[in-house]
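The structure appears below as structure tokens.
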Amino acid sequence: MHIAVAIDGPAGAGKSTIARAAAAKLGYIYVDTGALYRAVAWYVVDRGIDPQDSPAVIAALPGLQLDLRYIDGVQRVFVGERDVSDFIRTPEMSMGSSAVSALPEVRDFLMETQRSLARRNDVIMDGRDIGTVVLPDAQVKVYLTASAQVRARRRHTELAQKGEQMTYEQILADIEQRDYNDSHRAVAPLKRADDAHLLDTGEMDIQQSVAALVALIKNSL
Ligand code: C5P
């Protein structure tokens, strides 16, 4: 019996950074499920399909061979034999993944990939619907969040360090829009599972957040 830790929460809460570090400390594999939705977007765009064109996206799915592989413990996403991990982090793929992730056919298509990883490994899996839909029997569920203002402030600092110009108000508006989209879609909306622990990282830095998550997992097992 493998251990499954489900981490859900809104965009920009630091889930991937915190979950990845906690997985390394515990010796579990870290599964970033957002990368799967991004890879679907990459695949359709590569075939000249608009991610908003739902019938065309659905029709293309049977030809998609998607795989998560772990190379030196780092997750890489493959479409067929092509490693697309570095191509899926663009704003175009963020938008595209958001569009395709609203389709039940896409969500069903990705379900088995996610569940089979959890059957074969001890995992920390992060996403939007892991504790509610993908791994409802996970031994530990965490809803990791911070207020929209805190997330916007962090993102603003991050972008400013990269020399990118975006006002705090613009970033906050984007975050509030994405929160709304994620929590109001018809299928697998973002919501805290009844049995999920709430971890609010608003007052914590990354190290403190990782320590809090690891402690929460250890205390729950
Ligand atoms: O987490 P990330 O931003 O990489 O996710 C990309 C997209 O995939 C988001 O738009 C998110 O709504 C969607 N997603 C999802 N369910 C998951 C993980 C991500 O719908 N389990």
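The values are calculated or read from the model by the stated rules, or taken from the named source; none is laboratory data. Quick caveat, the model's predicted, so the values are computed rather than measured. With ideal geometry, Cβ positions are generated from the backbone for all residues, glycine too; neighbour counts draw on all protein chains shown. Note: areas computed on protein heavy atoms with side chains; ligands, DNA, RNA excluded. Shrake-Rupley method; radii C 1.70, N 1.55, O 1.52, S 1.80 Å.
Radius of gyration over Kirkwood radius for segment 102-220, both on Cα atoms: the Rg/Rh ratio is 1.00.
Pulled fully out, how much extra length does the chain show between residue 1 and residue 92, if you take 0.36 nm times their separation in residues and subtract their Cα-Cα distance? Intermediate values should be presented prior to the final figure.
Numbers: separation 91, 0.36 × 91 = 32.76 nm, distance 3.90 nm.
So the chain would gain 28.9 nm between residue 1 and residue 92.
Could you tell me which trypsin sites (Lys or Arg not before Pro) in segment 1-102 are loop residues by DSSP with no more than 14 other beta carbons within 10 angstrom of their beta carbon?
On the way: sites: 15, 20, 25, 38, 47, 69, 76, 82, 89; in loops: 47, 89.
Here the sparse-neighbourhood loop sites are 47, 89.
Express the carbon and sulfur contribution to the solvent-accessible surface of segment 6-141 as a percent, rounded to the nearest whole number, probe 1.4 angstrom. List each step's numbers first, then the result.
On the way: 2950 of 5890 Å².
Accessible surface attributable to carbon and sulfur in segment 6-141 totals 50 percent.
Annotation: lysines with alpha-carbon distance below 21 angstrom to residue 191 (same-chain offsets under eight excluded): 15, 141. Looking at the chain, the pairs of alpha carbons with a distance over 20 Å make up 59% of the total. Taking 7 Å steps out from each Cα toward its Cβ at residue 198 and residue 185 produces label points 2.5 nm apart.
3J(HN,Hα) along segment 152-160, derived from phi through the Karplus expression 6.51 cos²θ - 1.76 cosθ + 1.60 where θ = phi - 60°, amounts to 5, 5, 4, 5, 4, 4, 4, 5, 4 Hz, with x in place of Gly and Pro. Between 111, 125, 204, the residue with the greatest mean-square fluctuation in the GNM of the chain (Cα pairs under 10 Å linked by springs) is 204.
For the chain, which longest stretch is free of loop sites, where a loop site is one of the GluC sites (Glu not before Pro) that DSSP puts outside H, G, I, E and B and that has at most 13 other Cβ atoms within 10 Å? Segment 82-163 is the longest.
Nearest-5 percent of antiparallel DSSP beta bridges in segment 4-220?
Numbers: 8 of 25 bridges.
Percentage antiparallel, nearest 5: 30.
Rounded to whole Å, the principal axis extents of the Cα atoms in segment 128-183 read 43, 21, 16, largest first.
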